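So the structure is just underneath, and the comments pick up after that.
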Amino acid sequence: MPVSLCGTWDIISNVNFEGYMIALGISPYLRKIALRLKLRKVIEQRGDQYIIKTVSAFRNYTISFRVGQEFVEFTQGLDNRHVKSLVTWEGNKLVCEQIGEKKNRGWSHWVEDDKLHLELHCEGEICKQVFKKNVAE
Ligand code: 1AG
């Protein structure tokens, strides 16, 4: 059984977020705002359903899904595309494939050394974010 991803997590590092946003076609203006944000992940699990909220002072983004069950995702407030998403466990990693206009798009989440890791990929770009648990919440 993998370590639980649930909880409130605050970003401590963010590598190549810019490259990932360029791959998604985000405007320079929005990229500049996004790069300054202190992103927070709030992850909940209810039965076999996951809810992952990405929270910031500028915009929030929420997905909810069941592992192994494909769903239509609208990336509202991000790149505003529709993708077909499927989340599965690959070992201790929660892996999402996002099928749509952009090739090789997806992410994976895992916990390692009390940190939440997120790797976001799109086309050739990989963004790596690390979050530490917020114990106050
Ligand atoms: C994410 O998905 C996506 C959230 O983690 C990452 C944030 C943005 C990256 C995408 C594009 C940037 C688009 C517009 C910039 C404007 C605002 C940024 C707002 C960011 C806060 C929501 C994986 C996740 C599972 O669903 O953790």
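The values are calculated or read from the model by the stated rules, or taken from the named source; none is laboratory data. Not measured: the values here are computed from a predicted model. Neighbour counts are summed over all protein chains in view; Cβ atoms, including those assigned to glycine, are modelled from backbone coordinates with ideal geometry. Surface accessibility is based on the protein's heavy atoms, side chains included, excluding ligands, DNA and RNA. Shrake-Rupley method; radii C 1.70, N 1.55, O 1.52, S 1.80 Å.
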Against the condition part of a loop (DSSP other than H, G, I, E, B) and touching a residue at least 60 places away in the same chain (Cβ under 8 Å), how does Lys128 come out, does it pass?
no
Using the structure shown, decide if Arg36 is over 18 Å from Leu120 (Cβ atoms), more than 14 Å from the chain's Cα centre (by Cα) and open to solvent by 60 Å² or more (accessible area, probe 1.4 Å).
no
Which residue is farthest from Ile52 (Cα to Cα), if the candidates are limited to the stretch 1-17 and must be within 10 Å of the ligand (Cβ to nearest atom) and not in a strand (DSSP E or B)?
Phe17
Extreme residue, least open to solvent (accessible area, probe 1.4 Å), among residues of the stretch 48-61 that are in a strand (DSSP E or B) and within 8 Å of the ligand (Cβ to nearest atom):
Ile52
Kindly indicate whether Trp110 is among the hydrophobic types (A, V, I, L, M, F, W, C), open to solvent by 50 Å² or more (accessible area, probe 1.4 Å) and closer than 16 Å to Val3 by Cα.
no
Report whether or not Ser85 is within 13 Å of the ligand (Cβ to nearest atom) and touching a residue at least 12 places away in the same chain (Cβ under 8 Å).
yes
Matching residues, the stretch 109-132, being farther than 22 Å from Val67 by Cβ and more than 14 Å from the ligand (Cβ to nearest atom):
Asp113, Asp114, Gly124, Lys132
Scanning the stretch 66-97 for residues that are in contact with a strand residue (DSSP E or B) (Cβ under 6 Å, 6 or more places away or on another chain), outside any loop (DSSP other than H, G, I, E, B) and among the charged types (D, E, K, R) gives Arg66, Glu73, Lys84, Lys93, Glu97
